[in-house]
1. Filter region 2-16 down to the residues that are over 23 Å from Val97 (Cβ atoms), open to solvent by 100 Å² or more (accessible area, probe 1.4 Å) and either in contact with a Pro (Cβ under 7 Å, 6 or more places away or on another chain) or part of a helix (DSSP H, G or I) (or both) and list them by number.
2. Residues of region 292-329 being surrounded by fewer than 18 Cβ atoms within 10 Å (Cβ to Cβ) and touching a Phe, Trp or Tyr at 6+ places or on another chain (Cβ under 7 Å), which ones?
3. Out of all the residues in region 453-460, is one or more β-branched (Val, Ile, Thr) and either touching an Asp or Glu at 6+ places or on another chain (Cβ under 7 Å) or open to solvent by 10 Å² or more (accessible area, probe 1.4 Å) (or both)?
4. Just give me the residues in region 310-341 being in contact with a Lys or Arg (Cβ under 9 Å, 6 or more places away or on another chain), small (Gly, Ala, Ser) and more than 23 Å from Asp364 (Cα to Cα), in sequence order.
5. Using the structure shown, decide if Val321 is under 22 Å from Leu368 (Cα atoms), out of contact with any helix residue (DSSP H, G or I) (no Cβ under 8 Å at 6 or more places or on another chain) and either modelled with pLDDT under 90 or aliphatic (A, V, I, L, M) (or both).
6. Just one of (1) of a type outside the set (S, T, N, Q); (2) open to solvent by less than 30 Å² (accessible area, probe 1.4 Å); (3) outside any strand (DSSP E or B) trips up Trp276, so point out which.
7. Within region 84-103, how many residues turn out to be assigned to a helix (DSSP H, G or I) and in contact with a strand residue (DSSP E or B) (Cβ under 9 Å, 6 or more places away or on another chain)?
8. What number of residues in region 37-59 are under 17 Å from Ala437 (Cα atoms) and part of a helix (DSSP H, G or I)?
Amino acid sequence: MVVLSQLEKEEMEERLESALNAKDNPLQLLGTEVIFRNGNPILEQDLKKVSANTARSVIALTPNNFNSDEADANMLRQVLALKALDNDFGKNGSHIVVELQDVDNKELIRMVAPDISEVIVNHDMIGRLMLQCARTPELAFVLDSMMGFEGSEFYFDTWSELYGKTFYDITCRFDDAIPVGFRSADGTVYMNPEDDMVYNEGDEILVLAEDDDTYQPNDGSYSMAAGECVGDEEECPVLYDDYRPPEKVLFCGWRRDMADLITQLDEFVPEGSELWMFNTIPADQRQERLLDGGNKAALKLKNLTIKNAVGNSIIRRDLAVMKDVDNNGQRTGDVITLADFDSALILSDETAMMNGEKGSTSSDSRSLAAVLIIQDMMDKIYEAKVKKSAYPDSVKKPCIPVSEILDTRTKSLLAVANCKGYVMSNQIISSVVAQVAEEKDINVVLTELFSASGSETYIRPVEKFVDLKDNDEWSFWDVALKARQRREVAVGYKPVDMDYTSAEELIINPPDKNVKRKWKEGDKIITFSLDD
């Protein structure tokens, strides 16, 4: 592994040594040799120093000291410099993983290097991830397990003994992996395909597995215990009501890509939902920022209504009652309290950076303070309502606020402070970049999982797939086959009597898939599904 950077070689080596000797989660290279070279990645002569044209993959990381457009222009030049170094780059299967800051600049890279580049827009990907986690906070644990550097990752491989089998046929054919899709001979990736899609010669199977050499097909002797109704939806009973009422969503803070984030949220939520934007930016300036000085079109929302409230997310009196104002700053009469929200998202606040705060540590400090205050206020409102209610069990429990955390060192503080919802954004982006560097088509898979179109990750009640009153003893494979009746891929589960940390090895690619267990009400199944 060769690192080319404008930092001094000694400084890079010191940083690596510090990571290797860290007390908490020290870096383990496992035999990998890391070589550092000082140079400018956009200059051909410096790329020659590290023989970039011979690399199996090149990771081009976005600079942090430029604004988004300047940073993305720098990445464009870096790709052009690599192509100028060797016009044949990519013909041997190598590729470039390009990190961008603005989704609008994605087409620039595709214009100059469509066949050899895989683009990852960090803000866009984390925004989508946070939206999913805010609406289902437990997803943060699931995605952290799936996207972490440990546990199971995505792999493509060929198994000739399975040629001619359908996707349904191979659901139970791997003891140590979860089949989730195909890559056809023409390179098209199919996540969560139809049950009758056939695996043919030249195709590859996409799985979740611990490593590419830790799994192989079994003898195919396993058969479902009972209750199959594959291919005939009329015979499959509706065991669980998936109706979703309109939602009330809170955004605390402001991000540069707020317009993109709102557009994404509009795709996720049911019609009639409300988004309350709570930050210190005056309401009359927000519309201009959403338009980005004329660079973006006006928002066209089909499911969301936007409410504007002005205040500071680390000041309790501002949070107590939020008051909607129009674009002129005049109150509309609409008010809301923290107890009324179905989900709350604490953004890594760009306005704090504008006021002179710099770095991930400062951002995380504000996020940590905000999520603690909001979580405490929600709990106290809930406790007060329970005391007053004649039917305390009917009182709506508060949502779990989810915060974006940039620095992995903050993670230990979150556990001490009992913060339940967070997304380690930089760590996840690092994992995504690493996986795409190893296999470029993983970018297609992850992009689909983090978007509102195609298959997404869901946490389902086990009652959606099996009638526990009729039979509560099933193997994981039995449940997985039941999930296929609704075109969902079951990838793991969480027992009701275990928290997500304790159930880590079960959440993705669990062991003993063929062993029957007693399922309980409240058990959760992790699935990839086309919709909610």
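The values are calculated or read from the model by the stated rules, or taken from the named source; none is laboratory data. Keep in mind that this is a model prediction, so the values were computed, not measured. In this analysis, Cβ positions are derived from the backbone assuming ideal geometry, glycine residues included, and neighbour counts consider all displayed protein chains. Just the protein is used for accessible areas: all its heavy atoms, side chains included, with ligands, DNA and RNA removed. Shrake-Rupley method; radii C 1.70, N 1.55, O 1.52, S 1.80 Å.
1. Result: Glu10, Glu14.
2. Answer for region 292-329, where residues must be surrounded by fewer than 18 Cβ atoms within 10 Å (Cβ to Cβ) and touching a Phe, Trp or Tyr at 6+ places or on another chain (Cβ under 7 Å): just Gly311.
3. Checked against the condition, which is being β-branched (Val, Ile, Thr) and either touching an Asp or Glu at 6+ places or on another chain (Cβ under 7 Å) or open to solvent by 10 Å² or more (accessible area, probe 1.4 Å) (or both), region 453-460 yields at least one hit.
4. Residues satisfying the conditions are Gly333, Ala339.
5. Working: under 22 Å from Leu368 (Cα atoms): yes; out of contact with any helix residue (DSSP H, G or I) (no Cβ under 8 Å at 6 or more places or on another chain): yes; either modelled with pLDDT under 90 or aliphatic (A, V, I, L, M) (or both): yes.
Against the criterion (under 22 Å from Leu368 (Cα atoms), out of contact with any helix residue (DSSP H, G or I) (no Cβ under 8 Å at 6 or more places or on another chain) and either modelled with pLDDT under 90 or aliphatic (A, V, I, L, M) (or both)), Val321 qualifies.
6. Status for Trp276: all satisfied but (3).
7. Here is the first cut: in region 84-103, the ones assigned to a helix (DSSP H, G or I) are 84-85, 103.
Filter again for in contact with a strand residue (DSSP E or B) (Cβ under 9 Å, 6 or more places away or on another chain), leaving 103.
The number of residues fulfilling the criteria is 1.
8. Counting residues in region 37-59 that are under 17 Å from Ala437 (Cα atoms) and part of a helix (DSSP H, G or I) gives 3.
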